[in-house]
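Down below is the structure, laid out as structure tokens.
Readers should treat all values here as calculations from the given coordinates under stated rules, not as data from a laboratory. Note that the structure is predicted; figures quoted are calculated from it, not measured. For neighbour counting, all protein chains shown are included, and Cβ atoms are generated from backbone atoms with ideal geometry for every residue, glycine included.
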Amino acid sequence: MSFSTFVTDKAGLQKIYEAIVASHETYAPVEKFGKFDYKRLTTLAECDPDSPIAKTQSIKPLFFPRSARVMKYVATNAGTDVSDVDEDPLAAKRVILGVKHCDARSLQVLDKVYNWDFIDTDYQKRRNNTLIISTRCDKADTHCFCTSLDYDVENLDALDILVVNGQDGKIYLKARTAKGEEFLTEPITRFASPVTEEIANPEMSRQYAAFDGTFRLKMNYAEVNARLSKIFDTPEFENVSGNCISCNTCAFVCPSCHCFKISDEKVKDTGVRYKSYDSCNNGYFTLMAGGHNPRPAKYRRWRQRAMHKFVYYKERFGENLCVGCGKCTIACPVNISIFEVVNQVAANV
Ligand code: SF4
Ligand code: SF4
């Protein structure tokens, strides 16, 4: 299926976004106390679709919430009454603006997990009802390395509509999926003109080449994959994880980490069951009921984190779990970088 491309300018894009917010349930990056997170909008003025959201939060919580109520119950000697929680607010038909490409990609790796041995129907509903509009970055951030990994950032099909800044103030919008193609015929055609691929593609390729040239970090992922897959016991994991305080922040901000825990919070007879983020960096993550813990030392937990991202997930699903967004490095209170960890360990095999 070939997809349409349109061209507009900054004022036209603003009008397109305004029309989307007026006619659709729309989420976008909203600033609060100097930090950005995705929120539902009432007006476009509340958000900044070009925000530096890549540095702080991902779109993961819109599909896999940080902490969600899964059921309520009343447990007495007479028995237990279970009730469902309220309707899922994330399952409505919606549009997300201001998504970064790395974040969009992370949904493809989460899709594989949630469609694997157990189908997470809540996640599926949220995915199916969401349209993603993603502007390609013009410049890499200090810790970004998305273009060094095994996915095609230039021709990403994890997003429904691609937005690319061209030369002379031109902005290109291209459908990347059938869902995006259908959407393009809606508000966008009022404020943008169709353009041929012969004109648009060279412009978009030029933008990509310039963007790719701004990366400080480059890695040979295939070599890292191959070298890590040959080792398990190496003191290098102790060297790279020595400062880790096991706070789990890296996993909580990571768009592709997907571990969770189920917990009950009960006061007298009334309880709520939650599904919340968890992390393999947690000391108790692998603690068993009998008291045995196969990963009591943090270097073993960091080994699991690095190997899951660059070996285990790839063995199962054929690609890396890490999308190279750099959020974990920016958020880490002791400046541990997964880019440095995997490259340093691989270099010392
Ligand atoms: S491990 Fe770090 S760089 Fe990789 S996807 Fe997660 S947050 Fe991004
Ligand atoms: S954010 Fe840093 S300190 Fe916290 S668990 Fe991750 S690597 Fe360790």
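Got a sec? How would His292, His308 order by Cβ neighbour count within 10 Å, fewest to most?
Neighbour counts put them in this order, fewest first: His292, His308.
Taking the chain as a Gaussian network, where each spring joins two C-alpha atoms under 10 Å apart, which residue of Glu46, Glu198, Glu31 fluctuates the most?
Comparing Glu46, Glu198, Glu31 in a Gaussian network model of the chain, the most mobile one is Glu198.
Work from the charge dipole of the chain (Cβ charges, +1 for Lys and Arg, -1 for Asp and Glu, about the Cα centre) and give the residue of Val153, Thr5, Ser23 farthest towards its positive end.
Val153
Points 7 angstrom from Cα along the Cβ direction at Ile262 and Glu340: gap in nanometres?
Placing both labels 7 Å along Cα→Cβ, they lie 4.0 nm apart.
Under a 5 Å amide H to amide H cut-off, with H placed in plane at 1.01 Å, what residues pair with Leu131 once short-range neighbours are removed?
Arg94, Val95, Ile96
What are the residues whose amide H is under 5 Å from the amide H of Lys39, where those residues sit 5 or more places off or on another chain and H is modelled from the backbone?
Ala28, Val30
Quick one, what does Rg over Rh come out to for the chain if you take C-alpha atoms and the Kirkwood Rh?
Numbers: Rg = 21.8 Å, Rh = 21.9 Å.
Reported Rg/Rh, Kirkwood definition of Rh: 1.00.
Taking the Cα centre of region 5-212 as the origin and placing charges on Cβ (Lys, Arg +1; Asp, Glu -1), which of Ala192, Thr42, Leu110 is farthest toward the positive end of the dipole?
About the Cα centre, the residue reaching furthest to the positive side is Thr42.
With an 8 Å cut-off on Cα pairs and a minimum separation of 6 or more residues, tell me the relative contact order of region 5-212 in percent. Mind dumping the intermediate values first?
Working: 317 pairs, mean separation 54.2, N = 208.
So the answer I get is 26 percent.
Just grab the label-to-label distance for Asp9 and Ile231, each label 7 Å out from Cα along the Cβ direction, in nm (one decimal).
Modelled inter-label distance: 5.5 nm.
So if I place +1 on the C-beta of Lys and Arg and -1 on the C-beta of Asp and Glu, and nothing else carries charge, what would the dipole magnitude of region 221-347 be about its Cα centre? I want it in debye, nearest 20. Each step should come with its number before you reach the end.
Working: 17 positive and 11 negative charges, 49 e Å.
Roughly 240 debye, rounded to the nearest 20.
Apply the Karplus parameterisation 6.51 cos²θ - 1.76 cosθ + 1.60, with θ equal to phi minus 60°, to every residue of region 28-44 and state each ³J(HN,Hα) to the nearest whole Hz, in sequence, with x for glycine and proline.
Result, rounded to whole Hz: 7, x, 10, 7, 8, 6, x, 10, 10, 8, 6, 9, 6, 9, 9, 9, 5.
Note down the nm distance, to one decimal, between modelled labels 7 Å out along Cα→Cβ at Glu87 and at Asp48.
Here the answer is 3.4 nm between the modelled labels.
Have a look at Gly318, Tyr299, Met288 and report the one farthest towards the positive end of the charge dipole of region 221-347, computed about the Cα centre with Cβ charges (Lys/Arg +1, Asp/Glu -1).
Value: Met288.
Based on DSSP H runs of at least 4 residues, each adding -39500 (n - 2.57), what is the mean residue ellipticity at 222 nm of the chain after dividing by all its residues, to the nearest 500 deg cm²/dmol? If you can, show how the numbers build up before the last one.
Numbers: 12 runs with 108 residues, N = 349.
After summing the helix terms and dividing by the residues of the chain, the value is -8500 deg cm²/dmol.
So for region 5-212, what are the equivalent ellipsoid semi-axes in whole Å, largest first, each being the square root of 5 times an eigenvalue of the Cα gyration tensor?
Details: eigenvalues 235, 71, 55 Å².
Equivalent ellipsoid semi-axes, largest first: 34, 19, 17 Å.
Pop the C-beta distance of Asn348 and Thr286 into the FRET formula with R0 = 22 Å and round what comes out to the nearest 0.05. Spell out each step's value before the answer.
Values: r = 26 Å, r/R0 = 1.17.
About 0.30, to the nearest 0.05.
Rounded to whole Å and sorted largest first, list the principal axis extents of the Cα atoms in region 221-347.
So the three principal-axis extents are 56, 31, 30 Å.
Using a Förster distance of 22 angstrom, determine the FRET efficiency expected from the C-beta separation of Tyr208 and Ala178, and round it to 0.05.
Working: r = 23 Å, r/R0 = 1.05.
Approximately 0.40, to the nearest 0.05.
Charges at C-beta only: +1 for Lys and Arg, -1 for Asp and Glu. How large is the resulting dipole of the chain about its Cα centre, in Debye rounded to 20?
Working: 46 positive and 44 negative charges, 198 e Å.
Dipole of the chain, to the nearest 20 debye: 940 debye.
For Ile336, list long-range residues whose amide hydrogen, built 1.01 Å from N in the peptide plane, is under 5 Å from its own amide hydrogen.
Close amide H contacts, sequence-distant or interchain: none at all.
Have a look at Asp157, Asp269, Asp122 and tell me which one the Gaussian network model of the chain (Cα, springs below 10 Å) gives the largest fluctuation.
Most flexible of the set in this elastic network: Asp269.
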